1. Suppose we keep only residues that are polar (S, T, N, Q) and modelled with pLDDT of 85 or more within segment 10-69. Which one would you say is most open to solvent (accessible area, probe 1.4 Å)?
2. For the condition touching a residue at least 12 places away in the same chain (Cβ under 8 Å) and in a helix (DSSP H, G or I), what is the one hit in Leu41, Leu47, Leu16?
Amino acid sequence: MIELVREVSIYGLGDLVFRFIGYASFLIYARIFHPEQFGILALVVTLGGIVGMFQELGLNNAIQRFYLD
């Protein structure tokens, strides 16, 4: 039980840290960029998300299926 709590806290804290970094970077971006530059930032973030989706191409499912075979 203690091992489960330890592992959950490790992964949970990692997620919490990344969310805090994302929030802090949003505040930094809000101070650095002008309002007309937010469209460019949104375009870059959107393109990054699309490239990430195509890059994965179901690799998670394929690895799990390969492992089970």
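1. The first filter runs over segment 10-69 and keeps only residues polar (S, T, N, Q), leaving 25, 37, 46, 55, 60-61, 64.
Still in the running and modelled with pLDDT of 85 or more: 25, 46.
Working: Ser25: 34, Thr46: 79 Å².
Step by step, filter segment 10-69, then rank; the result is Thr46.
2. From the options Leu41, Leu47, Leu16, the qualifying one is Leu41.
The values are calculated or read from the model by the stated rules, or taken from the named source; none is laboratory data. What you see is a predicted model, and the numbers here were worked out from it, not measured in a lab. Glycine gets a Cβ as well: all are built from the backbone with ideal geometry, and neighbour counts include every protein chain shown. Areas reflect the complete protein model, heavy atoms only, side chains present, ligands, DNA and RNA absent. Shrake-Rupley method; radii C 1.70, N 1.55, O 1.52, S 1.80 Å.
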